[in-house]
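Asker: Have a look at this one.
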Protein chains: 4
Amino acid sequence: MSASVGIVGFRGYSGAEAARILARHPHCEPVLLEHRADGGDEAKLLRKSGIRRAPASADSVKAEGLKAVLFATPPEVSMDLAQKFLDAGAVVVDLSGAFRLGTAERYKQWYKEEHTAAGLLGEAVYSIPEFHRAAARGARLISNPGCYPTAANLAIRPLVEAGVIDRKCGIVCDAKSGVSGAGRKASLKTSFCEVTENFSAYSMLNHRHVPEVLMTSGVEESEFSFTAQLIPIDRGILETIYFRPAMPMSAAEILEVYDKRYHDEPFVRLYQAGHVPDLRAVQRTNFCDIGVAADAATGRVVVVSAIDNLVKGAAGQAIQNMNLALGYEETAGLL
Amino acid sequence: MSASVGIVGFRGYSGAEAARILARHPHCEPVLLEHRADGGDEAKLLRKSGIRRAPASADSVKAEGLKAVLFATPPEVSMDLAQKFLDAGAVVVDLSGAFRLGTAERYKQWYKEEHTAAGLLGEAVYSIPEFHRAAARGARLISNPGCYPTAANLAIRPLVEAGVIDRKCGIVCDAKSGVSGAGRKASLKTSFCEVTENFSAYSMLNHRHVPEVLMTSGVEESEFSFTAQLIPIDRGILETIYFRPAMPMSAAEILEVYDKRYHDEPFVRLYQAGHVPDLRAVQRTNFCDIGVAADAATGRVVVVSAIDNLVKGAAGQAIQNMNLALGYEETAGLL
Amino acid sequence: MSASVGIVGFRGYSGAEAARILARHPHCEPVLLEHRADGGDEAKLLRKSGIRRAPASADSVKAEGLKAVLFATPPEVSMDLAQKFLDAGAVVVDLSGAFRLGTAERYKQWYKEEHTAAGLLGEAVYSIPEFHRAAARGARLISNPGCYPTAANLAIRPLVEAGVIDRKCGIVCDAKSGVSGAGRKASLKTSFCEVTENFSAYSMLNHRHVPEVLMTSGVEESEFSFTAQLIPIDRGILETIYFRPAMPMSAAEILEVYDKRYHDEPFVRLYQAGHVPDLRAVQRTNFCDIGVAADAATGRVVVVSAIDNLVKGAAGQAIQNMNLALGYEETAGLL
Amino acid sequence: MSASVGIVGFRGYSGAEAARILARHPHCEPVLLEHRADGGDEAKLLRKSGIRRAPASADSVKAEGLKAVLFATPPEVSMDLAQKFLDAGAVVVDLSGAFRLGTAERYKQWYKEEHTAAGLLGEAVYSIPEFHRAAARGARLISNPGCYPTAANLAIRPLVEAGVIDRKCGIVCDAKSGVSGAGRKASLKTSFCEVTENFSAYSMLNHRHVPEVLMTSGVEESEFSFTAQLIPIDRGILETIYFRPAMPMSAAEILEVYDKRYHDEPFVRLYQAGHVPDLRAVQRTNFCDIGVAADAATGRVVVVSAIDNLVKGAAGQAIQNMNLALGYEETAGLL
């Protein structure tokens, strides 16, 4: 029998992706939770699809028998609803930034608002499963990582752990994202005519996802230069990462570090030395693809890390985390 | 009376752009020089446009009274034709890589072919006018710079000259280009379905434009990490450049270095501290736009340099150089 | 000496295009008229461009010596300002729908609002110059046509006049437009992720531009099936028009009808029989390109008409009309 | 136990889509059949995927135990291989045009080549399952329909059968397709810079898919005006179909005709009166979505029919047909 899993924010891009994944999940089926702020398209089909709907209230947890609820919502909605849904007995996976930074102070510093559910910060488990799998197993409240930090940490943390990087020269992370990363909303900046045939940097050195990279990878802020840029595409994040190695290393040697760390990981794929992924390779998948180019003689290294921002960067990783929390096989619905 | 200027390769993207610019140049008019390899679209208009055509031969220089000829051609065509057109009395501006690297050895190293017009390498003037204006004035043979090096050198050289950059930590140049940079041709890699909604790196650390950056900026190869990436757009190059300053400097202080150097330059525009250009700002113009973000406390600096690869990166700069060679005002036809 | 021409709505796509055209007009220079509703980007360039600015008030007409003002504004702004600017002595060219339909009743029927400047409807000259040139010469108030009707009428009216079309089977006009036709604004429907890789019909049989087609071409509503569809591109309108000829006619014979009508027109270009324009041919030009395919045996005819919606469909045609009103050569600034 | 299904042409867009669908088919698994003409990308992943590969020869049918083979190949390859694979015992579903037109004469007329497997034309079952389900059940050789005819016939045939259309005024089918319809190959016409921000008609009245529409719908060539146009997107076909009804009918009445015909069809979805599908609704699905707008007073009707050209227009419908031929439930792997 399928377990019911609610989605708040199913009209956004991440929420819609979560509904698509859950619709073919072997153990779950989605329930779309209507939130007052949602607005709502008029249904245009003559006959309706059979996906269940219910109000986005804690009462729905019992009425619909929800084992888990995914919050694909702005942080203020997540902070408002999380405790109520937990009390009603659901596992909560929050895709917003509400519980990512660990303390109310850091939240205020980067999100420019007061944290209104600080009591939950201690319980929330921040989980990139490749690093935090043990903590996510059986957790009640999971904070799903941001899209940029997922791609960055999967590329950087194994190298930091292995001491590969000459930290005093810093790490450059030149990140490019499709427009769906900005969410589904009316905005002049993300309107078609402003974006098509254009390319622009929108966050220089100070993106709110930076602290997530630092916390997970162990890199210092002064060592990490990050730029977020907008590609005229729908979905995908590609990060081009530059550093100098602490000792001369070839691309193959750096790949060995990754391969050791990720050998048994189902969702991290490595490329042969000198080859790097493009976005096509990861779109609509839960994979993070990593490739390395290097010149041992001059000590220049480039790592490319690519994910789909809506899947491994949002809904896919959320369901990977949910699988861990509910005790399903981690890859269920995701391959 | 208008001077006639020939264009070999007018069916390519750079050549077509040159024809458009010359058509509204106050002192020149274009003559399209048909080359045997050109193929040629069937003309579909019921009535033809009035643009003159002639064969791409040295005889046309006299027959058409050509004062200058622009070569928007592969290097092997440029090497084949340059001497003949010079002998016939035309100023030649070559947009290919044939005469950019100064020696036949370097040409062979980077272009993987023998140089077949090495006798002209001594005479050819490589000219980014902002740096090489004096040499371009009155020159007979000008080697027009590559698109990537134009954007890179305009951003990097003033900082190298002023000693702003901590060279031991290196300079990262993360470059993104529209697809027209690959030229007008049938190719699976640049076919629509492979490029749309995608983003890919196609040259890691070893692009043939790298030596042009090093030669003009004075940076060493071991200091310079360059990646060329493909944006799913028609035209434009944006380079995101990272370095650590030799001493703590704010964005405003770095901008002062640029402003001193470029104060009177008609085609370099600077942005206020913390602001950077997007491609829309420079498309279909001969401008190079430069912006700076920096954090003096941590010593992280990002410079963004943007041009239109077909204008300032090719046909526009070629006509800027031609204006210098023929003695016209440098901005003629370009504002 | 250049005549000053004001632009209200210069931050919209049509208004910005008008400013670009006027900046290289041989007899005029643009003055940007700031309107309270405009909002306004922060200027990011370190040094400002030299384009003049003034408030969007009738006082500016005298203060700035404006001979003409272009209204690239919503109809309610045009209705509010037109009389004031006329009284101050400027020629007004209105790009909105305010004065296109001739009567307040029709305006209300199609624009769903009361007309608030009905007193000007009698004076306003609706002008596609190819048809209404005489009336536009010396006019004080010109109503610039809509983008769809411009492309449709240039294709349909000569055929109606010549009796070519079998009207009882009707005329189908399948129209496709780039997204800039929707104006520059925040809107979910025109946001990048909703539009890219998509194609959608947004107006079936009942677009507010239909009455303009009927009024100018002499076709009856019951004879005219019109669908407006959105292409994922920035600019351009292409209309594919289908009808049955009243008598068997080849494409060449139909082209002869056009050629007779448009022989001396500088902005209408015809294609050889069986060839039709694409949007690339007309983008950033004031041309309307027309091509015909036909099968005389079976009586099936297809006409393709293409324009740039921001140029011949808006700013370019407005300046063509302004040239007529002010007594300049009609093509000034437009070739 | 899974049945093995071979794919010849798996590197093309339709073949790759077939591999994706079969990879999650409940009863089948894909085997990629390498064809000499294939060329082949170098594999870049460090570890290979587990998908089986074999030579594209009849021997592979037995060696790999292939119950069926999908030919996503040019017609000349299909004609060359079909008999051999049939003889080896596989069911063949051919996605090319080789067996669609019933006779060698019609093939030569529209494909401009001799038919080299005319002996199979009698056995081949042309199948849009919604119309030809009975014949497809248990068939050995199925000719999978073209993309344009699938969308057109699903929209037109029910109306022709019900006598809804006034045939003497004809039917207009204005068709738009994404670029993947042209196949995966190097070609200037489908290169990114030629297609992006453009829109063009490439086949006026004479597309080779037209006879398929006529044969299935019962419409005469003289009644059917068809134009094929290129949208700057990867995938999707949308056809805007215009006709006059034989008697006054509302959109709701026309929808009733469709609803009666398609009530139990799993892959045809209807829209409420006045609403029509966009391409987003059908991309990456096997659905054909149909909507109707009409004005009973004036007798103008517009029907919009949308499919994904690579799914319902190619690989998806091929697997739907394969399911019928092999006796699986028709929707297996497709919902």
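Asker: Considering region D:48-70 alone, what residues qualify as being touching a strand residue (DSSP E or B) at 6+ places or on another chain (Cβ under 6 Å) and over 15 Å from D:ALA19 (Cβ atoms)?
Answerer: Those that are touching a strand residue (DSSP E or B) at 6+ places or on another chain (Cβ under 6 Å) and over 15 Å from D:ALA19 (Cβ atoms): D:PRO55, D:SER60, D:GLY65, D:LYS67.
Asker: Separate question: Among all residue pairs at least 6 apart or on different chains, which show Cβ distances below 6 Å where the first residue, located in region B:262-284, is touching a residue at least 40 places away in the same chain (Cβ under 8 Å) and in the same structural domain as B:ALA251 (by TED's automatic domain parsing) and the second is surrounded by fewer than 17 Cβ atoms within 10 Å (Cβ to Cβ) and not charged (D, E, K, R)?
Answerer: Partner pairs satisfying both residue conditions: B:PRO266/B:THR331.
Asker: A further question follows. Can you tell me which condition C:SER191 does not meet? The list is (1) touching a Pro at 6+ places or on another chain (Cβ under 6 Å); (2) farther than 30 Å from C:THR298 by Cβ, and all the others hold.
Answerer: For C:SER191, the exception is condition (1).
Asker: Which of the residues that make up region C:177-196 are more than 25 Å from B:ASN198 (Cα to Cα) and either outside the structural domain of C:GLU256 (by TED's automatic domain parsing) or not small (Gly, Ala, Ser) (or both)?
Answerer: Of everything in region C:177-196, those that are more than 25 Å from B:ASN198 (Cα to Cα) and either outside the structural domain of C:GLU256 (by TED's automatic domain parsing) or not small (Gly, Ala, Ser) (or both) turn out to be C:ARG184, C:LYS185.
Asker: Please enumerate the residues belonging to region A:104-134 that are within 15 Å of A:PRO145 (Cα to Cα), touching a helix residue (DSSP H, G or I) at 6+ places or on another chain (Cβ under 8 Å) and part of a loop (DSSP other than H, G, I, E, B).
Answerer: A:LEU121, A:SER127, A:ILE128
Quick grid of which residues meet (1) more than 14 Å from chain A (Cβ to nearest Cβ); (2) outside any loop (DSSP other than H, G, I, E, B):
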{"site": "D:PHE10", "(1), (2)": "yes, no"}
{"site": "D:GLY15", "(1), (2)": "yes, yes"}
{"site": "D:ILE21", "(1), (2)": "no, yes"}
{"site": "D:LEU32", "(1), (2)": "yes, yes"}
{"site": "D:ALA54", "(1), (2)": "yes, yes"}
{"site": "D:LEU81", "(1), (2)": "yes, yes"}
{"site": "D:GLY97", "(1), (2)": "yes, no"}
{"site": "D:LEU101", "(1), (2)": "yes, no"}
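Asker: If I go through region A:204-221 residue by residue, how many of them are surrounded by fewer than 18 Cβ atoms within 10 Å (Cβ to Cβ) and closer than 30 Å to C:GLU197 by Cα?
Answerer: Of the residues in that region, 0 qualify.
Asker: Does D:LEU238 qualify as being of a type in the set (A, V, I, L, M, F, W, C), out of contact with any Cys (no Cβ under 7 Å at 6 or more places or on another chain), free of Cβ contacts under 8 Å to residues at least 60 places away in the same chain and in the same structural domain as D:ALA155 (by TED's automatic domain parsing)?
Answerer: no
Asker: Anything in region B:233-260 that is more than 27 Å from B:GLY178 (Cβ to Cβ) and among the charged types (D, E, K, R)? List them, or say none.
Answerer: Residues satisfying the conditions are B:ARG244, B:GLU253, B:GLU256, B:ASP259, B:LYS260.
Asker: Still on this structure: Considering only residues that are exposed (fewer than 14 other Cβ atoms within 10 Å of the Cβ), under 25 Å from B:ILE319 (Cα atoms) and over 21 Å from the mean Cα position of the chain (by Cα), which ones fall in region B:94-124?
Answerer: B:GLY119
Asker: Could you look through region A:230-258, keep only residues that are of a type outside the set (D, E, K, R) and facing chain B (nearest Cβ under 7 Å), and pick out the one that is nearest to A:ALA297 (Cα to Cα)?
Answerer: Once the filter is applied, the top-ranked residue is A:TYR242.
Asker: Also, quick follow-up: Out of B:SER217, B:SER191, report the one residue that is on the phi < 0 side of the Ramachandran plot and either within 12 Å of chain A (Cβ to nearest Cβ) or without any contact (Cβ under 8 Å) to a residue 12 or more places away in the chain (or both).
Answerer: B:SER191
Asker: Being out of contact with any Gly (no Cβ under 8 Å at 6 or more places or on another chain) and β-branched (Val, Ile, Thr) is the filter; apply it to region B:158-167 and report the residue that is surrounded by the fewest Cβ atoms within 10 Å (Cβ to Cβ).
Answerer: Checked region B:158-167; the qualifying residue surrounded by the fewest Cβ atoms within 10 Å (Cβ to Cβ) is B:VAL164.
For every residue, the table says whether it meets (1) basic (Lys, Arg); (2) closer than 30 Å to A:GLU221 by Cα.
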| site | (1), (2) |
| --- | --- |
| B:LYS260 | yes, no |
| B:ALA273 | no, yes |
| B:ASP278 | no, yes |
| B:ILE290 | no, yes |
| B:ALA296 | no, yes |
| B:VAL301 | no, yes |
| B:SER305 | no, yes |
| B:ASN309 | no, no |
| B:GLN320 | no, no |
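Asker: Could you tell me whether region C:21-34 includes any residue that is buried (at least 21 other Cβ atoms within 10 Å of the Cβ) and of a type in the set (Lys, Arg)?
Answerer: No, the conditions are met nowhere in region C:21-34.
Asker: For C:GLY50, are the conditions met, namely being outside any helix (DSSP H, G or I) and either without any contact (Cβ under 8 Å) to a residue 40 or more places away in the chain or of a type in the set (Phe, Trp, Tyr) (or both)?
Answerer: Yes; evaluated as a whole, the condition is true for this residue.
Asker: Also, quick follow-up: Do you know which residues across region C:200-214 are part of a strand (DSSP E or B) and either more than 8 Å from chain D (Cβ to nearest Cβ) or of a type outside the set (A, V, I, L, M, F, W, C) (or both)?
Answerer: Result: C:SER200, C:TYR202, C:SER203.
Asker: Related question: Given the conditions (1) within 11 Å of another protein chain (Cβ to nearest Cβ); (2) surrounded by fewer than 23 Cβ atoms within 10 Å (Cβ to Cβ); (3) farther than 30 Å from D:THR196 by Cβ, and given that A:GLY170 satisfies all but one, which numbered condition is not satisfied?
Answerer: Every listed condition holds for A:GLY170 apart from (2).
Asker: I'm checking my understanding of the structure. Among residues of region D:280-292 that are touching a strand residue (DSSP E or B) at 6+ places or on another chain (Cβ under 6 Å) and surrounded by fewer than 24 Cβ atoms within 10 Å (Cβ to Cβ), which one is nearest to the other protein chains (Cβ to nearest Cβ)?
Answerer: Per the stated criteria, the residue is D:ALA281.
Asker: Hey, can you tell me all the residues within region A:293-310 that are surrounded by 24 or more Cβ atoms within 10 Å (Cβ to Cβ) and either without any contact (Cβ under 8 Å) to a residue 40 or more places away in the chain or polar (S, T, N, Q) (or both)?
Answerer: Once the filter is applied, which keeps residues that are surrounded by 24 or more Cβ atoms within 10 Å (Cβ to Cβ) and either without any contact (Cβ under 8 Å) to a residue 40 or more places away in the chain or polar (S, T, N, Q) (or both), region A:293-310 yields A:SER305, A:ASN309.
Asker: Those residues that are hydroxyl-bearing (Ser, Thr, Tyr) and within 24 Å of A:LEU101 (Cα to Cα), I need them from region A:144-202; list them, please.
Answerer: A:TYR148, A:THR150, A:SER177, A:SER180, A:TYR202
Asker: Would you tally the residues in region B:185-207 being at pLDDT below 95 and touching a helix residue (DSSP H, G or I) at 6+ places or on another chain (Cβ under 8 Å)?
Answerer: Count: 1.
Asker: What number of residues in region B:152-181 are assigned to a helix (DSSP H, G or I), within 25 Å of B:PRO277 (Cβ to Cβ) and either free of Cβ contacts under 8 Å to residues at least 24 places away in the same chain or not hydrophobic (A, V, I, L, M, F, W, C) (or both)?
Answerer: Residues flagged as assigned to a helix (DSSP H, G or I), within 25 Å of B:PRO277 (Cβ to Cβ) and either free of Cβ contacts under 8 Å to residues at least 24 places away in the same chain or not hydrophobic (A, V, I, L, M, F, W, C) (or both) within region B:152-181 amount to 6.
The values are calculated or read from the model by the stated rules, or taken from the named source; none is laboratory data. Keep in mind that this is a model prediction, so the values were computed, not measured. Cβ: placed from backbone, ideal geometry, glycine included. Neighbour counts: every protein chain shown.
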